[in-house]
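Written below as structure tokens is the structure these notes are about.
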Amino acid sequence: MTVTILKNDSYHIELSRCCINQLLKCTLFSYYDEWEKKGITPEILIPHERLYFIGNEQGVKRLLQNVIKNSLYHGQNRIQIRLVSSEGVIRLRISNQVEHPEKIDVSRVFERFYKSDAARSRTSSGLGLSIARELAVKMGGELNAGTTDSEFWVEGVFKEID
């Protein structure tokens, strides 16, 4: 239901000035127990300088939760969260190690119900990344994904404001 509502052009979310550093730190803190259970020590790179953009606090938290849950459910051994700002653009990249990156169809990861591995149906509805992307778009940003040798990454891009 959430994806359908978010895709509706007439649905608008309240936007205001948000500090992404603060929202990211609060959200990450809630996952430490889960990472510890899986034996993962996340590599977190967050600048001390506060970074602001126009967004929705609840929307940002949901976006982060969905991307982090995806990395927890489908990743292995390593996760990296990196927040940077350059030339007026904020980039938040969450990457995780995956066993078979070649099995991930990056062009489809934001589609509703897409799963790279049908056996994962018990732990995932296949909606998380779709909802995350729709939230990013509603906040004037974008959400992209890709793979490297042994990693899957999702990157949010937002316009920085003062």
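The values are calculated or read from the model by the stated rules, or taken from the named source; none is laboratory data. Computed from a prediction, not measured in an experiment: that's the story for all the values here. Every residue, glycine among them, receives a Cβ derived from its backbone with ideal geometry; neighbour counts consider all protein chains shown. Quick note on the areas: whole protein, heavy atoms, side chains included, nothing else; ligands and nucleic acids left out. Shrake-Rupley method; radii C 1.70, N 1.55, O 1.52, S 1.80 Å.
Couple of notes before you dig in:
- The aspartates and glutamates whose alpha-carbon is closer than 15 Å to the alpha-carbon of Lys69, local same-chain residues fewer than 8 away aside, are Asp33, Glu34, Glu36, Glu155.
- Pairwise FRET efficiency - Glu34 versus Val89, Cβ, R0 = 35 Å, nearest 0.05: 0.70
- The alpha carbons of the chain occupy a box of 42, 37, 28 Å along the principal axes, longest dimension given first.
- In the chain, the sites counted are GluC sites (Glu not before Pro) in DSSP loop states with at most 10 other Cβ atoms within 10 Å, and the longest stretch holding none of them, exclusive of the sites, is 88-162.
- Counting Lys and Arg as +1 and Asp and Glu as -1 over every other residue whose Cβ lies under 11 Å from the Cβ of Ile13, the net charge comes to -1.
- Label sites at Glu99 and Phe113, each approximated as a point 7 angstrom past Cα along Cα to Cβ, lie 2.6 nm apart.
- Portion, in percent, of the accessible area of the stretch 30-105 that falls on carbon or sulfur, probe 1.4 Å: 42 percent
- Look at the dipole of the chain built from charges on Cβ: of Gln97, Asn70, Val84, the Cα furthest out on the positive end belongs to Asn70.
- Computed extension length for Ile44-Asn144: 34.1 nm, one decimal, from 0.36 nm per residue of separation with the Cα-Cα distance subtracted.
- For Asp149, neighbours were defined as the other residues whose beta-carbon sits under 15 Å from its Cβ, and their charges (Lys and Arg +1, Asp and Glu -1) total -1.
- Near Leu135: Cβ cut-off under 10 Å, other residues only, Lys/Arg at +1 and Asp/Glu at -1. The net charge is +3.
- Cα gyration tensor shape of the stretch 44-87, rounded if a/c is under 1.5, else prolate or oblate by comparing a/b with b/c: oblate
- Residues Val157 and Gln58, FRET efficiency given R0 of 30 Å [Cβ-Cβ distance, rounded to 0.05]: 0.90
- With protein chains left intact and a 1.4 Å probe, residues in the chain average 57 Å² of accessible area per residue.
- Springs join every pair of Cα atoms under 10 Å in this Gaussian network model of the chain, and among Arg17, Arg91, Arg78 the largest mean-square fluctuation is at Arg17.
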